[in-house]
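Worksheet for the structure shown next.
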Amino acid sequence: MLYHAYEISHAAISPMRAAARMGHEVITNPFNPMAGTYGSRAVSAALEMFITATRRYGKPVFGLDHTLVDGEETPVVEEVVWSAPFCNLLHFRRDSAAAERRDDPKVLMVAPMSGHYATLLRGTVRDMLPDHDIYITDWIDAREVPVGMGGFDLDDYTDYLVAMIEHLAQGGERTAVMAVCQPGIPVMAAASLMAMDGNPARPASIVLMGSPMNTARNPKQPNEIAANRPLSWFESNVVVRVPWPNAGFMRRVYPGFLQLSGFLAMNIDRHVDAHVHQFRNLVRGDGDSADQHRVFYDEYLAVMDLSAEFYLQTVERVFQKRLMAKGEYPYRGTRIEPAAITDIGLMTVEGEKDDITGLGQTEAAHELVSAPCDRHRHFVAEGVGHYGVFNGSRWRSMILPEVREFIRTQRGR
């Protein structure tokens, strides 16, 4: 009944939210002679905080309609080029002669399927667009997928990745694959499977960023939570069925609102401070700071449900049993053999202050493959936390140049 209670609480509070919106509009109306007073600003700030704390956050949009290619303003067209029940493959097509002349490498950016939408990587895509032909996995909210479309587990995830990699290699060139956080294990599984089969479409390179390849190394709070409870606890306490009238009615999921609660609890003091500062900024009329807060939390608070089978397998295979690190990772009755990877470049990126994926967890991937030394690269970004590995100024100045060089070095080898 947990999901039903969540939906009912949203419905119950909607009249209060509507009244708060109306009051906010009246107080801030430019024709209100009291709008500029301290009392009015304080009341309108309080009403806005209530609205943002109680409203439902829908899926954000990427909103990337242009980029610069060799100094030329280039339109960007977002298009779906491959589709399956739980994922669309988006292509950010750069529509200019300058982009065509560059012949930049294709990059499949595998977004984390861990509660947030692929738009969490909006900044990553934006920063890579000038020098790369970017595709990204746009995972679909499990509550929007009818039960009749079947389930989705880690093996299905691997199948999706293999199919997308093969799709991008149709032009004859092997693509680069970039996994941000959670997808590290399924990307390694897909690449290993393709190498084992001698698939000519196997990736030219893999970049793993903050991925939990071996969670026994420097475990952090999420690792410890997963390891210290039996799998039955997760199935009994956090897996629920999607309520009516959602399209995925009766599908078993790990709901996004529970995942969000976990995200917030990990850094509750920081989030409380951020909202206190936001209230003060609204009262002061500091529009720029208030807008930055809104942009961040509009993205951060937008969450999606995960299929129960995918979530439970991830807890068991990745965090509890560490099957990939032990060489025991299964795929439809077959044991995955990362040692079959001999001609795929592997780069790992870690943040020195990552509080989700500890130092050494991503680097452990290098011990699994058999590629020669010149196919390996490991980079630790000093002073960078988990989200800074793929977003922000240090990502742009420290990490992106290394990733760009590695992808180009491994291209066509």
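We did not get these values from a lab; they are worked out from the coordinates using the rules stated. Please read all numbers here as calculations on a predicted model, not as lab measurements. A quick note on method: Cβ atoms are made from the backbone with ideal geometry, for glycine too, and the neighbour counts reach across all protein chains shown.
Considering only Gln278, Gln259, Gln292, the mean-square fluctuation computed in a Gaussian network model of the chain, springs between alpha carbons under 10 angstrom, is largest for Gln292. Scan segment 29-74 for trypsin sites (Lys or Arg not before Pro) in coil per DSSP, keeping those whose Cβ has at most 14 other Cβ atoms within 10 Å, and list them by number. Those that pass, being in a loop and sparsely packed, are Arg56. Charged neighbours of Val239, selected by a Cβ distance under 12 Å, balance to 0 (K, R count +1; D, E count -1). Over all directions, the projected convex hull of the C-alpha atoms in segment 1-160 averages 14.4 nm² in area. Which of rounded, prolate, oblate describes segment 33-87, given a ≥ b ≥ c as roots of the alpha-carbon gyration tensor eigenvalues and a/c under 1.5 marking rounded, otherwise prolate only if a/b is larger than b/c? Cα axes put segment 33-87 in the oblate bin.
Using only side-chain charges placed at the Cβ, +1 for Lys and Arg and -1 for Asp and Glu, the dipole size of the chain relative to its Cα centre rounds to 800 debye.
From the Cα gyration tensor of segment 256-355, with a ≥ b ≥ c the square roots of its eigenvalues, which class applies: rounded if a/c is under 1.5, or else prolate if a/b is larger than b/c, or else oblate? The shape class here is prolate. Where both bridge residues fall in the chain, DSSP classifies roughly 50% of the beta bridges as antiparallel. Of Pro245, Pro60, Pro75, the residue with the greatest mean-square motion in the GNM of the chain, using alpha carbon springs below 10 Å, is Pro245.
Of all segments of the chain bounded by chymotrypsin sites (Phe, Trp or Tyr not before Pro) found in a DSSP loop with no more than 13 other C-beta atoms within 10 Å, the longest spans 32-248. Residues considered: Cys181, Cys87, Cys373. Largest GNM mean-square fluctuation over the chain, using C-alpha springs under 10 Å, is found at Cys373.
Scanning the chain for GluC sites (Glu not before Pro) in DSSP loops with at most 16 neighbouring Cβ atoms within 10 Å leaves 1-172 as the longest stretch between them.
With a cut-off of 12 Å between beta carbons, the residues surrounding Ala226 carry a summed charge of +3, where Lys and Arg count +1 and Asp and Glu -1. The P(r) of segment 326-381 has a tail past 13 Å containing 64 percent of all C-alpha pairs. A helix-only calculation puts the chain at -12000 deg cm²/dmol for mean residue ellipticity at 222 nm, using -39500 (n - 2.57) for each DSSP H run of at least four residues, averaged over all residues.
Database remark: amide H of Arg251 closer than 5 angstrom to the amide H of Val242 (H placed geometrically; neighbours at sequence offset of 5 or more, or on other chains; Pro and chain starts carry no H). Looking at segment 1-140 alone, DSSP beta bridges between its own residues are antiparallel in about 80 percent of cases. Around Arg332, with a cut-off of 12 angstrom between Cβ atoms, what is the net charge of the other residues, counting Lys and Arg +1 and Asp and Glu -1? Around Arg332, the surrounding residues sum to -3. Here segment 307-382 is treated with +1 on each Lys and Arg Cβ and -1 on each Asp and Glu Cβ, and its dipole about the Cα centre works out to around 380 debye. Hydrophobic, long helices, defined as DSSP H runs whose alpha-carbon span along the helix axis is 30 Å or greater and whose mean Kyte-Doolittle value is at least 1.6, do not occur in the chain. Where a ≥ b ≥ c are the square roots of the eigenvalues of the C-alpha gyration tensor, would you call segment 71-222 rounded, which needs a/c under 1.5, or, failing that, prolate if a/b is larger than b/c, or oblate? Rounded, since a/c falls under 1.5. One chain, two ends: Ile225 and His275. Fully extended at 0.36 nm per residue, the span grows by 15.3 nm beyond their Cα-Cα distance. Note on segment 80-166: Cα-Cα pairs beyond 21 Å make up 35% of the total pair count. According to the calculation over all Cα-Cα pairs in the chain, the P(r) per 20 Å bin from zero is 25, 55, 19, 1 %.
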